[in-house]
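Peer 1: Supplied in structure tokens, the structure appears directly below.
The values are calculated or read from the model by the stated rules, or taken from the named source; none is laboratory data. Bear in mind the structure is a predicted one, so any value in this text is a computation, not a measurement. Cβ placement follows ideal geometry from the backbone for every residue including glycine, while neighbour counts extend to all protein chains displayed. Protein only, heavy atoms only, side chains kept; ligands, DNA and RNA dropped before computing areas. Shrake-Rupley method; radii C 1.70, N 1.55, O 1.52, S 1.80 Å.
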Amino acid sequence: MPVTALMLALVGRVVAYRAKVPEDLLRTHAAPVLDMRQLVGVFVVIAVLHFSWTAFWAGSLILLCMAAYSVAATPSLRDGGITPATGSNTVWVIVLGLACALLTLSVSRSDLDDGYYVAAAAYAASHPHAPLLVNDPMFGEAGWPLFFSSYRFSAYEPFAAVIAKVAGIPAMDVMYRVLPPFAGFAIVGSVFFCSREMFCRWWIGAGTAAVILMLILGEELSSVGNFGFVRIFQGKALFLSIMVPLIYGLSFRYARQGRPFDLYLLVCAQITSIGLTNFGMLGAPMAGAVASISACPPITRDNLRKIFMLACTTCVAIPYLVFVAVCSHGAGIFAHFDQESASKVWTGIYGAHQQFLVAFLLLIGPFVANTPLLRWRMALPPLILLGVLLNPVLAPWISRYVTTAPVYWRVTWSFPVVIYLGVSISLLFDRLARGARLVEKIGAGAGIAGALSLATIAIPYGTLRSANQVTWQFASRKLELNAANAAEEAIALTPDGRVLGDDRVGGTIAMYEEHPPLVNVRSIYIDFLAPYMSHRDYLDRKILAQYVNGEIALDGGPLKSAVDRLNVHTIVIADNLPFYEADQHALTSAGFLLKRQSGAYTVWTRNY
């Protein structure tokens, strides 16, 4: 199914041919009036955001409801149709796609989640006769299952494993070096496809702006830009950056043409999303539902029929959700996660500095839209996001019963926000160039000036800055260098027994096809797998994981007892931990010798 995702992006009219557009779609229609009072309201709401998120939330709902209602009261929603692509358009999309493919090879941003994702591909490649996605691929312990039943439907990691097995190369290289350039090109294709299907007259400018914004919006770890080119080696990044735009673009195209083939492609997109990430079985229907109601206003019988058909494509996920609900036995493991408020999710995704630019472009977009239908499509997704998914009253319920607390923040994946921001930018320039009245040109100019001012605040916190843990290494494995070197040393020095390392070293070791059993891969994974180990085993692993992560100090006696019970042969520990001086004495007392110094890590082995 990941192949389907790439093919949809490349052949599903990502770059449109010079097809003849029906004459009735090329007619010019009067654009909605740009009211200066609406623009003043947007500026006021953005100013309020600095002082109160709740006031901003209420003001945004009022503005977005006004925009949506103005469309519902419009007697005719016939639009100007999509703009045919020229040869220069096609060349630009291809050139930008190739540039972004090179970018994915050039930037490196390691991520702890790869302790599972890459390990799953490596285990499948090195155990071709083992049941697929049944056993835990990380710790190297016999009889341990996957810690989440939802991972049984993953397709991206087995897809990488197949390539690795056939090509005879490590699965890590497939995940980090082979697939990302194709994904980088597909991101560009899906962005332009969605921008064009939104009926945006300046779709080339909108798509280009969206790609640039993906390089800017990276202030926080969970920011949308950090699931783009710098992290496209993960299935969930592919879902957000490729599949969500495709779901919207295909929904808009079905609303325009009514072809059953587009419904088939939407079903393929839903299934592909589930294969890319376990969140896809919830995130893809969520995006599909919002796209369905956004595709056309429910004011005519034909529109209602189209919305119903679009909504039916989201039902594909129901069997998967039922399976996970039946097989999940560890819902209590999320009980210790704090529930995030809607305001914390907003700032945690869009950043304390970049949220103003995001909010401004989301709110101003519907009011500068050049057609009633585009106004509807620009208003509905942010309205649903703020009015339902980030509603302060509904947030605790959604977090607890729908998404679970750890991933509640992913409700922001309900629509392709960077594309909507890019379309807003293109619409501002469209109004400035084609506004029928002087007041419209003044309003558009003010909007552009406001966006530029807020952009100067946002740009210093871009995705590619070094403070975002991004390094420039062409065609390299996306690993933290010190941890990678220490991991290789530990594997070489461990003929038998287990290896103990912190979350970064343990996760890196798990990515290799052949490695010793591990005490820790990531401390939270020990909690997830606790039901499948003895209580004594769990306590020993948890204490040792806290020890090497620098959270606690251990004396030689307790350390020796724990490592003896777990048969630990090698310990990798950083020399910059707060307790490292005491750690050296404890390790020596427990019978370990310092064997290697690898960057910031020291490698200790048993002194038999």
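Peer 1: I need the phi-derived Karplus couplings for segment 34-44: 6.51 cos²θ - 1.76 cosθ + 1.60, θ = phi - 60°, integer Hz, Gly and Pro marked x.
Peer 2: 8, 8, 4, 5, 5, 5, 4, x, 4, 4, 5
Peer 1: Compute the accessible area per residue over segment 120-173, keeping the other protein chains in place, probe 1.4 Å, unit Å². Display every interim value, and only then the final one.
Peer 2: Numbers: 2200 Å² over 54 residues.
Value returned for segment 120-173: 41 Å² of accessible area per residue.
Peer 1: Determine, for each peptide in 139-147, 265-273, the mean count of other beta carbons within 10 angstrom over its residues, then list the peptides with the highest first. Don't skip to the end; give the middle numbers.
Peer 2: Values: 139-147: 15.9, 265-273: 24.7.
So the peptides 139-147, 265-273, ranked by packing, come out 265-273, 139-147.
Peer 1: Which FRET efficiency value, to the nearest 0.05, is calculated for Leu481 and Ile169 with the Förster distance at 30 angstrom and r the Cβ-Cβ distance? The partial results should precede the final answer.
Peer 2: Values: r = 21 Å, r/R0 = 0.69.
Efficiency, rounded to the nearest 0.05: 0.90.
Peer 1: Once fully extended, how much extra length lies between Ala311 and His535, figured as 0.36 nm per residue of separation less the alpha-carbon to alpha-carbon distance? Mind dumping the intermediate values first?
Peer 2: Details: separation 224, 0.36 × 224 = 80.64 nm, distance 4.64 nm.
Gain on stretching Ala311 to His535: 76.0 nm.
Peer 1: So, one more: Can you give the charge dipole size of segment 523-608 about its Cα centre, rounded to the nearest 20 debye, using +1 on the beta carbon of Lys and Arg and -1 on the beta carbon of Asp and Glu? Write out the running numbers ahead of the final one.
Peer 2: Working: 8 positive and 9 negative charges, 62 e Å.
The calculated dipole for segment 523-608 is roughly 300 debye.
Peer 1: So how far apart, in nm, are the two label points at Gln339 and Val162 if each is 7 Å from Cα heading toward Cβ?
Peer 2: Here the modelled spin labels are 4.2 nm apart.
Peer 1: Quote the FRET efficiency, to the nearest 0.05, computed for His127 versus Phe43 with a Förster distance R0 of 56 Å and r equal to the Cβ-Cβ distance.
Peer 2: Details: r = 59 Å, r/R0 = 1.06.
The formula returns an efficiency of 0.40 here.
Peer 1: What is the helix-to-structure angle for 481-492, meaning the angle in degrees between its Cα long axis and the longest Cα principal axis of the chain, kept from 0 to 90 and rounded to the nearest 10?
Peer 2: 40 degrees
Peer 1: May I pose another question? Against the longest principal axis of the chain, how steep is helix 244-257, in degrees 0 to 90 to the nearest 10, with axes from Cα atoms?
Peer 2: In the chain, helix 244-257 runs at an angle near 30 degrees to the longest axis.
Peer 1: For segment 488-568, what is the relative contact order in percent, using Cα pairs closer than 8 Å and at least 6 residues apart in sequence? Before the final figure, lay out each step's value.
Peer 2: Working: 86 pairs, mean separation 25.6, N = 81.
So the answer I get is 32 percent.
Peer 1: Another question, then. Please report, as a whole percent, how much of the solvent-accessible surface of the chain comes from carbon and sulfur atoms (probe radius 1.4 Å).
Peer 2: Values: 15080 of 23440 Å².
That share works out to 64 percent.
Peer 1: Determine the distance separating the Cα centre of segment 397-467 from the Cα centre of segment 515-537; give it in Å without decimals.
Peer 2: Segment 397-467 and segment 515-537 have Cα centres spaced 42 Å from each other.
Peer 1: Can you work out the FRET efficiency for the pair Leu438 and Leu112, with r the C-beta to C-beta distance and R0 = 60 Å, to the nearest 0.05? Please report the intermediate quantities before stating the final value.
Peer 2: Working: r = 55 Å, r/R0 = 0.92.
After rounding, the FRET efficiency stands at 0.65.
Peer 1: Work out how much length Tyr69 to Glu514 would gain on full extension: take 0.36 nm times their residue separation and subtract the Cα-Cα distance, in nm to one decimal.
Peer 2: Values: separation 445, 0.36 × 445 = 160.20 nm, distance 6.02 nm.
Working it through step by step, the gained length comes to 154.2 nm.
Peer 1: With labels modelled as points extended 7 Å from the Cα through the Cβ direction, what inter-label distance (nm, one decimal) is found for Ile94 paired with Gln473?
Peer 2: Spacing of the two 7 Å Cα→Cβ label points: 3.4 nm.
Peer 1: What does a probe at Ala600 reach in segment 110-149, counting residues whose amide N is under 17 Å from the point 7 Å along Cα→Cβ?
Peer 2: Answer for this model: 110-113.
Peer 1: Quick check: pseudo-label points 7 Å beyond the Cα along Cα→Cβ at Val322 and Leu61, how many nm apart are they?
Peer 2: 3.5 nm
Peer 1: Follow-up question, since we're still on this one. Over segment 59-174, what is the relative contact order in whole percent, taking alpha-carbon pairs under 8 Å and six or more residues apart? Before the final figure, lay out the partial values.
Peer 2: Details: 68 pairs, mean separation 23.8, N = 116.
Rounded, it is 20 percent for segment 59-174.
Peer 1: Can you give the helix-only mean residue ellipticity at 222 nm for the chain, where every DSSP H stretch with n ≥ 4 adds -39500 (n - 2.57) and the sum goes over all residues, rounded to the nearest 500 deg cm²/dmol?
Peer 2: Values: 26 runs with 334 residues, N = 608.
-17500 deg cm²/dmol, from helical runs alone.
Peer 1: Moving on. Averaged per residue, what accessible surface does segment 349-443 expose to a 1.4 Å probe, in Å²? Could you put the intermediate results ahead of the total?
Peer 2: On the way: 2650 Å² over 95 residues.
Accessible area per residue: 28 Å².
Peer 1: Can you tell me how much longer the chain between Asn303 and Ser453 gets when fully stretched, taken as 0.36 nm per residue apart minus their C-alpha distance, in nm with one decimal?
Peer 2: Values: separation 150, 0.36 × 150 = 54.00 nm, distance 3.95 nm.
Going from the current span to full extension adds 50.0 nm.
Peer 1: Suppose every Lys and Arg Cβ carries +1 and every Asp and Glu Cβ carries -1, with no other charges. What dipole size does segment 99-158 come out with about its Cα centre, to the nearest 20 debye? Let's see the in-between values first.
Peer 2: Values: 2 positive and 6 negative charges, 29 e Å.
In debye, rounded to 20, segment 99-158 gives about 140.
Peer 1: Same structure again: When we measure straight from the Cα of Lys344, which lysines land under 28 angstrom away, once same-chain ones fewer than 8 places off are left out?
Peer 2: Lys236
Peer 1: Would you check the accessible area of Asp35, probe 1.4 Å, heavy atoms only, in square angstrom rounded to 10?
Peer 2: 40 Å²
Peer 1: If you average the alpha carbon positions of segment 255-280 and of segment 79-145, how far apart do those two centres end up, in angstrom?
Peer 2: Between the Cα centre of segment 255-280 and that of segment 79-145, the gap is 19 Å.
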